[in-house]
Amino acid sequence: MTKYSSRYASSPDAVKKYDTQQLRDEFLIDDLMQEDEVVLVYSHYDRYIAGSAVPVKGDLLLETIDPLKAPYFLERRELGIINVGGSGSVVVEGTAYELGFKDALYIGAGNKEVVFKSDDKNNPAKFYLNSAPAHTTYPTKKVSLAEANKLQLGTMETANHRTVNQMIIGSVVTTCQLQMGMTELKPGSVWNTMPAHVHDRRMEVYFYLDIPENQAVCHFMGQPQETRHIWMNNHQAVISPPWSIHSGSGTSNYTFIWGMAGENLDYGDMDVCKITDLR
């Protein structure tokens, strides 16, 4: 079963006036990882799609949705997948790709059939999905967590010591515009993406995981001089417009998956905001 919803773009001037609930309604994705369903959210920021697939009782087929106006989902799109649950597989045009915990898969445009499978229904795979429009077809490729390009950033002294796992990114996988990776915070560190930045050439979506029970992450967004916050729970995602910072601080350490698409593929294309300039 597939269900989807759409999110329209919001201007920064409008967001300044949002109350807590409206901010959450516009940017928070809080219904992912539903058993035996493919859940998709179609954002009008760069036509980005974030979603999930959790096969338990049986396999799940990636079906097209009405906003695509396409006979199959990947007719004009590429897809990135990271498994945040038990072991499973993604079958692309009859070829099975086994994905363990935190393994990734890139699927190029033009693949008509994509099927999600779990190895054990008592510990199902939980596939987190990101998709962006694609102008051509690039080969499907699996990237295990061990194969990711790893960056060690931050320090314990500033509470942001973290490992950035670049997985679906130009140095690892050839894509049209989609980029995905996973940042793991070290024990004792809670801040992600600080100093904060914006990149007017790209939008981004954050998906939070590994948040311990009874803990949470406070995600910061908005223009650097007009920030807002959204409290996040485990397996929730948040849409970040091109004009917005995207940063967070948790009540414990955690992991988050970042995905982005837009004007270019330069990972370093960002306008950093000085911490002391944030408002």
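Numbers below:
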| quantity | calculated |
| --- | --- |
| Projected area averaged over orientations for region 218-267, convex hull of C-alpha atoms, nm² | 4.2 nm² |
| Using alpha carbons only: equivalent-ellipsoid semi-axes of the chain, gyration tensor based, whole Å | 28, 21, 18 |
| Semi-axes of the equivalent ellipsoid for region 1-137, Cα gyration tensor, largest first, Å | 27, 19, 12 |
| In sequence order, calculated HN-Hα J values of region 240-251 (Karplus, 6.51, -1.76, 1.60; Hz; x Gly/Pro) | 10, x, x, 8, 10, 5, 8, 8, x, 9, x, 7 |
| Using alpha carbons only: equivalent-ellipsoid semi-axes of region 157-279, gyration tensor based, whole Å | 22, 18, 13 |
| At q = 0.20 Å⁻¹, base-10 log of I(q)/I(0) for region 39-117 (Debye sum, equal scatterers on each alpha carbon) | -0.93 |
| Cα pair count fraction exceeding 14 Å, expressed as % - region 65-109 | 54 percent |
| The chain, helix-only ellipticity at 222 nm - DSSP H runs n ≥ 4, -39,500 (n - 2.57), divided by all residues, nearest 500 | -1000 deg cm²/dmol |
| Computed accessible area, Glu98, all protein chains, 1.4 angstrom probe, square angstrom | 100 Å² |
| Solvent-accessible area per residue for region 1-158 (1.4 angstrom probe, square angstrom) | 46 Å² |
| Span per principal axis, largest first, for the Cα atoms of region 83-187 (Å) | 49, 39, 19 |
| Straight-distance crosslink candidates among lysines, where the alpha carbon sits under 27 Å from Lys142 and sequence neighbours closer than 8 are dropped | Lys3, Lys57, Lys102, Lys112, Lys117, Lys121, Lys126, Lys150, Lys186 |
| Exposure of Lys69 as accessible area (Å², to 10), given a probe of 1.4 Å and all protein chains | 140 Å² |
| Net dipole in debye of region 1-150 [+1 Lys, Arg Cβ; -1 Asp, Glu Cβ; about Cα centre; nearest 20] | 320 debye |
| Rounded percent of accessible protein surface that carbon and sulfur make up, the chain, 1.4 Å probe | 48 percent |
| Probe 1.4 Å, accessible area per residue of region 193-269, Å² | 33 Å² |
| Per-residue SASA entry for Val92, accessible area with 1.4 Å probe, Å² rounded to 10 | 10 Å² |
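The values are calculated or read from the model by the stated rules, or taken from the named source; none is laboratory data. Because the structure is predicted, anything quoted here is derived from the model rather than measured. A quick note on method: Cβ atoms are made from the backbone with ideal geometry, for glycine too, and the neighbour counts reach across all protein chains shown. Quick note on the areas: whole protein, heavy atoms, side chains included, nothing else; ligands and nucleic acids left out. Shrake-Rupley method; radii C 1.70, N 1.55, O 1.52, S 1.80 Å.
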